[in-house]
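Read the structure below first, then the notes.
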Amino acid sequence: MAFQLIDLHDQQGNITCPHCQHAVLDWEQEQYIQPCEHTLFMAMDLGFEYISDEFETTMQRSVDDIHADDENSNVFDEITRATFTDFLIYKADLGVEGMYRYIGFSGK
Ligand SMILES: [Zn+2]
């Protein structure tokens, strides 16, 4: 495993990049998804909100394939099967039973 999983329990708050402190999830913006250059992906169990080319090329399936096959797709499994080396996954509770948002950052 090339990633580190970090659980976030405060699903109300903004989420900031550990490298540049940019708010990649910023609830004060109309477009609240604000990826920075360190952001690899932003996804929920229902699908991807953002994916970087760099990360997508290391995944077993493309995001389009995953979305086209959503009944048989598990977003978290797809992320963790990527061969990208050294990344962080922030796992944020969405406040709905068993639903999470996953945000990936490069490890350095
Ligand atoms: Zn950043």
| What is the set of long-range amide H partners of M44 at a cut-off below 5 Å, with H atoms built 1.01 Å from backbone N? | E49, Y102
| query | Which far-off residues, 5 or more places away or on another chain, put their amide H under 5 Å from the one on L25, with H placed in the peptide plane? | reply | I15, Q34
| Percent of alpha carbon pairs in the chain separated by more than 26 Å? | 11 percent
| message | Can you give me the C-alpha center-to-center distance between segment 1-44 and segment 50-101, rounded to a whole angstrom? | response | 14 Å
| task | Treat every Asp and Glu Cβ in the chain as -1 and every Lys and Arg Cβ as +1, leave all other atoms uncharged, and give the resulting dipole magnitude about the Cα centre to the nearest 20 debye. | result | 420 debye
| said: Test of understanding: what is the full-extension gain from M99 to Q31, defined as 0.36 nm times their sequence separation minus their Cα-Cα distance? | reply: 22.4 nm
| Counting other Cβ atoms within 10 Å, which chymotrypsin sites (Phe, Trp or Tyr not before Pro) in segment 1-102 have at most 15 and lie in a DSSP loop? | W27, Y32
| said: If R₀ is 35 angstrom, what is the calculated FRET efficiency for the pair D70 and H19, using the beta carbon separation as r and rounding to 0.05? | reply: 0.65
| query | Using the Karplus equation 6.51 cos²θ - 1.76 cosθ + 1.60 (θ = phi - 60°), what ³J(HN,Hα) coupling, rounded to whole Hz, does each residue of segment 73-87 give in order, writing x for Gly and Pro? | reply | 9, 10, 4, 5, 4, 5, 4, 6, 8, 5, 9, 3, 9, 6, 9
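Read-outs throughout are calculated quantities, based only on the coordinates presented, and are distinct from any laboratory measurement. Everything numeric in this text was worked out from a predicted model, so none of it was measured. Cβ coordinates were reconstructed from backbone atoms using ideal geometry, including for glycine residues, and neighbour counts include every protein chain displayed.
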